[in-house]
Amino acid sequence: MSVKRYASRRIRGKLKVCRYLENNSATRRMVPDTESYSLANMRKLAKRYNSLYIKPDVGSLGIGISKLTRQNGGYLLKETSSKSQRSRSLGTLEAAYRHLKAKGRGKLIVQQAIKLDKVDGKPYDIRAMVQRKPGGAWTCTGFIVKVGGKGMIVTNYYQGGAVWKLRKLHRRLGLNAQESNYREEQLRSEAITIAKTLSARHSGMREMGIDFARDRGGKLWILEVNSNHPQFHPFKAIDRTAYDRIKEYAASYGRYDAK
């Protein structure tokens, strides 16, 4: 994992971020049901949802994420490892819990699985890059769409996904100009609200990569907020204007790399 040596504080841990966002009425509705990893919490969430995600509390690149889905009287577990994905059937929730616990991946969280909207038959999510220059206001400096590889449980390009510009996504979804503009402004507004909510808890924050998803009903969800060295190098290939803007903001607080 990259070590940050520039002037921007981070919030460590997905569960802590979820709790901060749940405590604000403006962001609470977008936070998936999330608990610390325990058998009791898995049982509780499995009663509410057909599928669950189990994730490292601290991690990136889609590594170490698992999806557990109830089926045929048991469970199907899909796991990511490096750049591959494996599946196995397990008879009980307890067996799934023990299997994942034995992996020794450190602190985990268990989370409601969102049924993601799809484009061209593939799930996608949207990364909003949010930054502030020293003494400045939070600004949304770019968007990138991550389209999942076929059959993959994560959309990260590191795990075989593709990256698109936001407007390309909207065209492929068949949105008209009015709806496209509305969705972009909604993302921008919610991203700024999230940044303000979290930075009120930790002073000195200057950058966040916020991953949004829409479910199949169109509702917007927060999948993850990365404040520890959020990557922006994929912007370079698909949106050079956004990349240069992000890089300019990053340089203002001492960050000169895109990874």
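Structure data summary
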{"item": "Positive-end extreme of charge dipole, the chain - chosen from GLY149, ALA242, SER89 (charges on Cβ)", "result": "SER89"}
{"item": "Heavy-atom surface of segment 1-44, accessible at 1.4 Å and reported per residue (Å²)", "result": "54"}
{"item": "Segment 115-259 - accessible surface per residue (Å², probe 1.4 Å)", "result": "44"}
{"item": "Ratio of Rg to Rh over the chain (Cα coordinates, Kirkwood Rh, two decimals)", "result": "0.96"}
{"item": "Within the accessible area of the chain (1.4 Å probe), percent carbon and sulfur", "result": "46"}
{"item": "The chain - percent relative contact order, Cα under 8 Å, separation 6 or more", "result": "23"}
{"item": "Too-long pairs where the Cα-Cα distance tops 30 Å, listed order kept, from LYS44/LYS78; LYS47/LYS196; LYS16/LYS219", "result": "LYS47/LYS196"}
{"item": "Relative frequency of Cα-Cα separations exceeding 18 Å in segment 176-259, percent", "result": "53"}
{"item": "Expected-Rg normalisation [2.2 N^0.38 Å, Cα atoms] applied to segment 98-227", "result": "1.15"}
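The values are calculated or read from the model by the stated rules, or taken from the named source; none is laboratory data. Every value quoted in this text rests on a predicted model; they were computed, and no experiment measured them. In this analysis, Cβ positions are derived from the backbone assuming ideal geometry, glycine residues included, and neighbour counts consider all displayed protein chains. Just the protein is used for accessible areas: all its heavy atoms, side chains included, with ligands, DNA and RNA removed. Shrake-Rupley method; radii C 1.70, N 1.55, O 1.52, S 1.80 Å.
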